[in-house]
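To start, the structure itself, in structure tokens.
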Amino acid sequence: MKKSVLIASALAGFVSWPSFADTKVDFVKDIQPILQNSCIKCHGPEKQKGGLRLDSKAAALKGGKDGEVISPSHADKSDLYRRITLEPGSDDIMPSKGDPLTKAQTDLIRDWINQGAVWPDDAAITATKTPETTEAPAPVSIFDKMPAIKPTAAEPGAIAKIEALGVAVRPIAMNMNWREANFHGLGTNVTDAAVAPLKDIVTVVDLNLAGTKITDAALQNLKGLTNLVDLHLEHTKITDAALANLKGLANLSYLNLFDTPISDKGLAELKGLKNLQRLYVWQTKVTEDGVKDLQKALPNVQVSRGWENEPLAMKEKDEKKEETKEEKK
């Protein structure tokens, strides 16, 4: 009987032993580079979305407007871990723009939190780019190159029509005429008729139509929005034909087509968008060949095809590095 108890106790102790016991996560080596490259832009000294800063131990453990985001020893109770593991395209995912963290990165953060979220007091994170980002620097925002603009006479009336639906068409910053319009909150209540007034709001630079009930016809209203920089069309039913309406959007830098019926044929319509830097085509019919064909015309565009797929351009860049190393051996 005593022997059975001893065996049971030993097994219980073995089962409860942390799976990461032999792989201690080093903050400076493993976690700091992730925060540096993917988080500080929105949660650092210059910008604090949600009142959250992740550039110092004290600020990170304090949390943001909604409370703490890191619960040491409990990744399952940490909002930071929850948000970095959300489905791509989710409203609350972190980072909110750009590629999601890889599974290897989210696992590191999970294990780091579960191990007590150890953060050396002298390991403050600055906005300075690390060696990892010097090889592929973040694209310069196109807003920096765009001239000032004055609203047209038709714009106030068009804005009033859209705001009557419950959609705010507001300036992106103080003392600027550039505006953003987010229809996502109304979901499937938004139809083609609801977005029709957009054609008269030439100051719109950030437009979110994600999750709405729009059809291809709605995108005809975007033809004249030549100042548009960011466009969200994820979770809609737009087809390849609709993308022909985007050909004249010379300033378009960010385009999200996640969970749409778009295929390689639609991608071909984007070849003239010389300022396009980020394109998201998760859960579409787009193939790797279609992406390569687009990148022949737009060599600087980074295309993400899914959670497990890193941007194709970056993947090929890494493969070329490996080939070079092999040649030198």
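Bear in mind that the values in this text are calculations on the coordinates, not laboratory data. Just so we're clear, the structure is a prediction, and the values are computed from it rather than from any experiment. Virtual Cβ from ideal backbone geometry, glycine too; neighbours counted across all protein chains shown.
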If amide hydrogens are placed 1.01 Å from N in the peptide plane, which non-local residues have theirs closer than 5 Å to the one on residue 178? 172
Rounded to the nearest 0.05, what FRET efficiency is calculated for residue 122 and residue 300 with R0 set to 35 Å and r the Cβ-Cβ distance? 0.40
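Suppose every K and R has +1 on its Cβ and every D and E has -1 on its Cβ; what is the size of the dipole of the range 14-126 about the Cα centre, in Debye to the nearest 20? Before the final figure, lay out the partial values.
Values: 15 positive and 17 negative charges, 52 e Å.
With Lys and Arg at +1 and Asp and Glu at -1, about 240 debye.
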With each pseudo-label sitting 7 Å past Cα toward Cβ, what's the residue 65-residue 170 distance in nm, one decimal? 0.9
Hey, what do the phi angles of the range 296-303 turn into as Karplus ³J(HN,Hα) couplings, whole Hz, using 6.51/-1.76/1.60 and θ = phi - 60°, x for Gly and Pro? 5, 7, 10, x, 8, 6, 9, 10
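If you stretched the chain out fully between residue 102 and residue 193, how much longer would it get, using 0.36 nm times the residue separation minus the C-alpha to C-alpha distance?
On the way: separation 91, 0.36 × 91 = 32.76 nm, distance 3.91 nm.
Gain on extension, residue 102 to residue 193, equals 28.9 nm.
Determine the gain in length on full extension of the stretch residue 26-residue 182; use 0.36 nm per residue of separation and subtract their C-alpha separation, reporting nm with one decimal. Can you show the working numbers first?
Values: separation 156, 0.36 × 156 = 56.16 nm, distance 4.00 nm.
Residue separation times 0.36 nm, minus the Cα-Cα distance, leaves 52.2 nm.
Among the trypsin sites (Lys or Arg not before Pro) in the range 50-115, which ones are in a DSSP loop with at most 10 other Cβ atoms within 10 Å of the Cβ? Mind listing them? Numbers along the way, then the final one.
Details: sites: 53, 57, 62, 65, 77, 82, 83, 97, 103, 110; in loops: 53, 65, 97.
Here the sparse-neighbourhood loop sites are 65.
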What residues qualify as long-range amide H neighbours of residue 64, i.e. H under 5 Å apart, gap of 5 or more or another chain, H built at 1.01 Å from N? 69
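Expected output is a single nm value to one decimal: the length gained when fully extending between residue 244 and residue 274, i.e. 0.36 nm times separation in residues minus the C-alpha distance. What is it? Write down the numbers at each step before the final one.
Details: separation 30, 0.36 × 30 = 10.80 nm, distance 1.49 nm.
Separation in residues times 0.36 nm, less the Cα-Cα distance, equals 9.3 nm.
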Which shape class applies to the range 29-93: rounded if a/c is under 1.5, otherwise prolate when a/b exceeds b/c and oblate if not, where a ≥ b ≥ c are the square roots of the Cα gyration tensor eigenvalues? rounded
For the range 274-283, in order, what is each residue's ³J(HN,Hα) by Karplus, 6.51 cos²θ - 1.76 cosθ + 1.60 with θ = phi - 60°, in whole Hz (x at glycine and Pro)? 5, 9, 5, 10, 10, 9, 10, 10, 4, 6
